[in-house]
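The values are calculated or read from the model by the stated rules, or taken from the named source; none is laboratory data. Fair warning: this is a prediction, and the values are worked out from it, not measured in the lab. Here the Cβ positions follow ideal geometry from the backbone for every residue, glycine too, while neighbour counts run over all protein chains shown.
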Amino acid sequence: MFTQAIVRKPSTNFAAGITKAGLGKPDYHQALEQHAQYVAALERCGLKVRVLEADERYPDSTFVEDTAIVTEKCAVITRLGAESRQGEELIIGDTLRNNYSEIEAIVGDGLLDGGDVMRVENHFYIGLSHRTNEEGAKQLINILNKYHYTGSAVSFNNFLHLKTGITYLDQKNFVAAGDLANHPIFKDYNIIQTPTAENYSANCILINDFVLVAKGFPQTLSAIQALGYTTIELDMSEFQKMDGGLTCLSLRF
């Protein structure tokens, strides 16, 4: 059961962030509106949302999920894999100190983006990507073990982050795209496989009684609803242009 979330408004230079999506330049004002709708959806899910002001030093800083891993027992401050983003996590760390007495950190040569970390009950799958390396995964697993969680590394291709291509709902149900839908590490789970044209919709979030789903992907939406979930559709067009998804925009705990 989630009760709180942290988000950050997009900066005016949001379009200067890192992207390989090739979908054109995002509209800042439209992004602000979509972000406000996202916050409203979190509140509808029952969360108290702390909205941080935009940070003009970091165009990608609206994607707060990458900066920390949050659990019931501790928070782990990451070390972001993109050099231009390093520093974002320090500010989020200060914010999380209001909520956590136990705060750990990825250090040294470890690199870890929160978008590569997918929690399944008390186990954490950690994607090895261009943003997260083996050292970062190893450090996180060691930290998780300290708090009686487990973790394992997952190799994959063709997605920016692990959760770009697969997300966990509950009761062994996942939504997955591309090769991740058939990844052997997930063979014992129920996988909703997105059609190729709807791969972006694999990034969705179960928050309490609702599943947040990107708007415009009807087959994925229907498949999720068929399992009995109540859904909220959100327009994510401007964040999609910057390689961002629903999970990226908040830290939920």
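Of note:
- Against the criterion of being part of a strand (DSSP E or B) and within 17 Å of the chain's Cα centre (by Cα), Val39 does not qualify.
- Taking the range 53-169 as the region of interest, the helices (runs of 4 or more DSSP H) fully inside it that hold 1 or more residues being β-branched (Val, Ile, Thr) and buried (at least 23 other Cβ atoms within 10 Å of the Cβ) are 88-96, 162-165.
- Test for Tyr38: is it surrounded by 15 or more Cβ atoms within 10 Å (Cβ to Cβ), within 24 Å of Ile207 (Cβ to Cβ), among the aromatic types (Phe, Trp, Tyr) and modelled with pLDDT of 95 or more: yes
- Filter result (crowded, with 24+ Cβ neighbours inside 10 Å, in contact with an Asp or Glu (Cβ under 8 Å, 6 or more places away or on another chain) and not charged (D, E, K, R)) within the range 214-241: Thr220
- Within the range 202-213, considering residues that are free of Cβ contacts under 8 Å to residues at least 40 places away in the same chain and assigned to a strand (DSSP E or B), the one surrounded by the most Cβ atoms within 10 Å (Cβ to Cβ): Val213
- Taking every residue in the range 61-73 that is under 14 Å from Phe239 (Cα atoms) and modelled with pLDDT of 95 or more and pairing it with any residue that is charged (D, E, K, R) and assigned to a loop (DSSP other than H, G, I, E, B), at least 6 positions away or on another chain, the pairs with Cβ-Cβ distances below 6 Å are Ser61/Asp55.
- Reported count of residues in the range 241-252, each being within 13 Å of the chain's Cα centre (by Cα) and either more than 29 Å from Asn98 (Cα to Cα) or free of Cβ contacts under 8 Å to residues at least 24 places away in the same chain (or both), is 1.
- Checking Ala36 against (1) in contact with a Ser or Thr (Cβ under 6 Å, 6 or more places away or on another chain); (2) without any contact (Cβ under 8 Å) to a residue 24 or more places away in the chain, the condition it does not meet: (1)
- The residues on offer are Gly228, Gly216, Gly244, and the sole one that is in a loop (DSSP other than H, G, I, E, B) and under 14 Å from Lys163 (Cβ atoms) is Gly244.
- Of all the residues in the range 184-196, those that are part of a loop (DSSP other than H, G, I, E, B) and either crowded, with 19+ Cβ neighbours inside 10 Å or within 16 Å of the chain's Cα centre (by Cα) (or both) number 1.
- From the options Leu111, Leu96, residue that is among the hydrophobic types (A, V, I, L, M, F, W, C), within 30 Å of Glu233 (Cα to Cα) and touching a residue at least 12 places away in the same chain (Cβ under 8 Å): Leu96
- As a summary of the residue check, Asn199 satisfies the conditions (1) surrounded by 14 or more Cβ atoms within 10 Å (Cβ to Cβ); (2) within 25 Å of Val39 (Cα to Cα); (3) of a type outside the set (Val, Ile, Thr); (4) more than 18 Å from the chain's Cα centre (by Cα) except for the one numbered (4).
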